[in-house]
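Before any comments, here is the structure.
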Amino acid sequence: MHKTSAWPLALIYAALVVFASLFPFDGWRTQGISPWVFLTAPMPPPYWTWFDVNLNLAGYAPLGFLLALALLRTGWPRAAVPAAALAGALLSLSMEYLQIFLPRRVPSNMDLVLNAAGALLGALAAALLERLGAIAHWSRLRERWFVPQARGALVLLALWPWALLFPAALPFGLGQVWERLEAALIDLLEGTPFMDWLPVPDAALEPLPQGGELLVVALGLLIPCLLGFCIMRHMGRRMVFALATLAVGVVATALSALLSYGPVHAWEWLTPAARAGLGVGLAAALALASLPRRGCAAVLLLVLMLHLNLLNQAPTSAYFAQTLQAWEQGRFIRFYGLGQWLGWLWPYAALMYVVLRVSRREAQT
């Protein structure tokens, strides 16, 4: 029996699948027909693309993989693959059933089959890796590299590249939510006495200068590095981890730009300020690699607060708003649900984690 990060990751991923499948959660209505009518519809449906096929397969494969991995790691080797595949199929069936009540969704038996197949493929991949010894190798690697109480930080680190895939106004700028939160509060409280309680929007907010952009990028890279340092002891391994974090962050941000603007513009985010910010962030991470773990947690707390303060005092451009609209209403509407909340909430979850870590006494070893 093992404590594994696969369970929380599987639950988080399932919640994101539900959000992506039912977004935007409004306009619920009945059509006067059986909700199960999609099961007997002709297959394939009249309108489908290979993009949809691949997305449905890929969307449920991580869920099947994580569920099977969690079952394998907690003592259910025989039930891992069938239980994970069945859970993925039932989740897909529930989502297709509910989609018939949403005007912007069209349930499809082809989606159901592809989602179930994706969950099965993911579960089989987990079982294959277990048989080849890769899971045991990861367990040994985890024991060498990380402290025993590392599950929360590992979950956050695993989610960080996915959070970067949703477009950000600035590279590595996760957590910029104030403008949208303010607009949502205005819509919610309009016409009520509570409207006077809201702060007056500052129309004179200036975009961040290049120095501010450099600092945002540097802090955005430093945050996951320090989070990893909180659960690592060896200084050399911390330095390797910082370099790997830089590489993963750059690739994820480039992929986000590719999906948003096309392959030609995949690297346009890498401005001189962004390049300098990456260098400063990496240099700061390497310089802090010798700090004790509690010291890393304390510095991370300060870095998170500074980063979020800088981001949420800067306005987003109209061009960036058009990018978000393309993601929210275009072909990435399903992926939109998987990425948006991660991009918004990841730094706040990290902030909560580090506050708890700093406030509690380290367990005696």
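Here are the numbers for the structure shown:
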| item | result |
| --- | --- |
| Cleavage-rule hits, trypsin sites (Lys or Arg not before Pro), segment 48-117, DSSP coil, Cβ neighbours within 10 Å at most 14 | Arg78, Arg104 |
| Cα gyration tensor shape for segment 84-170, rounded if a/c is under 1.5, else prolate or oblate | oblate |
| Separation of the Leu286 and Tyr348 label points, Cα + 7 Å toward Cβ, nm | 3.6 |
| Segment Ala79-Ser359, extension gain: residue separation times 0.36 nm, minus the distance between their alpha carbons | 96.8 nm |
| Paired Rg and Dmax values of segment 19-148, which use every Cα atom, in angstrom | 17.8, 60 |
| Using alpha carbons only: equivalent-ellipsoid semi-axes of the chain, gyration tensor based, whole Å | 34, 30, 19 |
| Candidates per chymotrypsin sites (Phe, Trp or Tyr not before Pro) in segment 1-76, loop by DSSP, up to 15 other Cβ within 10 Å | Phe25, Trp28, Trp36, Tyr47, Trp48 |
| Per-residue [θ]222 nm for the chain (sum of -39500 (n - 2.57) over DSSP H runs n ≥ 4, rounded to 500) | -23000 deg cm²/dmol |
| Förster-model FRET efficiency, 25 Å R0, Met235 and Glu143, C-beta, rounded to 0.05 | 0.85 |
| Gaussian network model of the chain, springs between alpha carbon atoms under 10 Å - residue of Pro224, Pro77, Pro45 with greatest fluctuation | Pro45 |
| Exposed-site-free run, longest, the chain (rule: GluC sites (Glu not before Pro); DSSP loop; at most 15 other C-beta within 10 Å) | 1-189 |
| Highest-MSF residue in the chain out of Gly295, Gly133, Gly279 [GNM, Cα springs under 10 Å] | Gly133 |
| Extension gain (nm, one decimal) between Trp178 and Gln210, 0.36 nm per residue minus Cα-Cα | 9.4 nm |
| Dipole magnitude of the chain, debye to nearest 20 (Cβ charges: Lys/Arg +1, Asp/Glu -1, about Cα centre) | 1840 |
| Helical segments meeting 18 Å axial Cα length and Kyte-Doolittle 0.0 threshold in the chain (DSSP H) | 6-22, 50-73, 80-99, 109-132, 151-165, 210-229, 235-261, 272-287, 293-312, 333-359 |
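Each reported figure results from applying straightforward, stated rules to the coordinates on display, with no laboratory input. Note that the structure is a prediction, hence the values are computed from the model and not measured. Cβ: placed from backbone, ideal geometry, glycine included. Neighbour counts: every protein chain shown.
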